Amino acid sequence: MKHVLSITYSQSGQLNDIVTNITDNLSKNIKVHHHKITPVPNFPFPWTGKSFWNAMPESVQMIPSEIVPLNIDEQIDYDLIIIGYPIWFLSPAIPITTFFLGNQAKSILSNKPVLTVIGARNMWVMAQEEIKKMISECNGKLVGNIALCDKHYNLISVVTIIYWMMSGNKNNFLGIFPKPGISDEDISNVSVFSPVISNSVTNSDYDTLNEKLVNLKSARLIPDIVSIEEKGKRMFKIWSKFILKKGGPESNKRSFRLKIFSRYLLFVIFVVSPIASLIYYLTWPLLFIRIRRKLKYYKGVRLKAY
Ligand SMILES: Cc1cc2nc3c(=O)[nH]c(=O)nc-3n(C[C@H](O)[C@H](O)[C@H](O)COP(=O)(O)O)c2cc1C
């Protein structure tokens, strides 16, 4: 019998559904042990405007909070560890960072193959860079990544995700917008990855797992979105440091800076990013080879880190 350990954090349950659809379809000789991360205190869902923006500085600077220790049977020699996580402000969600920075992750992940599963709006590559580092600091080995996104146009998905996060309802905003988040079809089709994962686990061979996943379209990337994300992450680092100078999550002194950041971000998303995308595609022919190389890197194709 082979053993797979799945560790997820999800507020709405979307990510748990994605991971369960993968693990439920693994071969019968694989036993899956599921664990969910619970933050202390829990982050609100639905969010209030204030709590939503307040999560930015600690998400970006990767400052851990607290989670309930996972009740994992560490006597079992797990063959694969699946980590399912959402993205917060181009960074891993705080509870996931907290898990990785704790002692439990070090003992569980050490010398183990790790498969990451992401459920995001459409910007996940910068967070995955941080996750790669944390996996390697825990002495684990990243063997693959599956990233599911909202496939609607960028600005539409911003409106619908804000509606979803603030209302808790994953339905059609005003009856005219599409459903927020990852489509039901994509969530159910994720089982397409199960046979190749089963094969790797059964044969204890992960060398080509990520390439096989990529061939099955495990990581969809939109070039201009990746470029905006790279620049956005640099700006978020600056903003988060600036806000943290006024104190931690409990501090009321940082409210004003958070408010300016929220206005800045909405301006960048709705005004600057469409112009940036246009410029990006105008320069595309000149940068074609560099862009292709970069996308391959983020997908993890033929990459040392995988
Ligand atoms: C505070 C916050 C910030 C988010 N920032 C991003 C982001 O930078 N990029 C992105 O693609 N999705 C972002 N999302 C969407 C999440 O990655 C995720 O898709 C959504 O929260 C649903 O995840 P769940 O499984 O926890 O319910 C954000 C969500 C929240 C709550």
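The values are calculated or read from the model by the stated rules, or taken from the named source; none is laboratory data. Just so it is clear, the structure is predicted and the values come from calculations on it, not from any experiment. No Cβ is skipped: glycine too gets one built from the backbone with ideal geometry, and neighbour counts run over all protein chains shown.
Details
- Scan region 196-225 for residues that are in a helix (DSSP H, G or I) and either without any contact (Cβ under 8 Å) to a residue 40 or more places away in the chain or under 18 Å from the mean Cα position of the chain (by Cα) (or both) and the total you get is 10.
- Within region 152-165, residues that are closer than 17 Å to residue 268 by Cβ and hydroxyl-bearing (Ser, Thr, Tyr) reach partners that are part of a loop (DSSP other than H, G, I, E, B) and within 9 Å of the ligand (Cβ to nearest atom) with beta carbons closer than 9 Å, at six or more positions or on different chains, in the pairs 157/121; 157/122; 157/149; 157/150; 157/180; 157/181.
- Taking every residue in region 128-140 that is touching a residue at least 12 places away in the same chain (Cβ under 8 Å) and pairing it with any residue that is aromatic (Phe, Trp, Tyr) and part of a helix (DSSP H, G or I), at least 6 positions away or on another chain, the pairs with Cβ-Cβ distances below 7 Å are 134/100; 138/100.
- Answer residue from region 102-117, given it is hydrophobic (A, V, I, L, M, F, W, C) and in contact (Cβ under 8 Å) with a residue 60 or more places away in the chain and is nearest to the ligand (Cβ to nearest atom) among those: 117
- Helices (runs of 4 or more DSSP H) within region 1-114 that include 1 or more residues crowded, with 22+ Cβ neighbours inside 10 Å and touching a helix residue (DSSP H, G or I) at 6+ places or on another chain (Cβ under 9 Å): 14-23, 56-61, 94-101, 103-109
- Any chance residue 147 is hydrophobic (A, V, I, L, M, F, W, C) and either more than 15 Å from residue 80 (Cα to Cα) or in contact (Cβ under 8 Å) with a residue 40 or more places away in the chain (or both): yes
- Some residue of region 261-271 being under 18 Å from residue 59 (Cα atoms), within 16 Å of the ligand (Cβ to nearest atom), under 20 Å from the mean Cα position of the chain (by Cα) and modelled with pLDDT of 95 or more: yes
- Filter result (crowded, with 18+ Cβ neighbours inside 10 Å and closer than 19 Å to residue 25 by Cβ) within region 215-237: 218
- Restricting 255, 273 to residues that are of a type in the set (S, T, N, Q) and closer than 22 Å to residue 43 by Cα narrows the list to 255.
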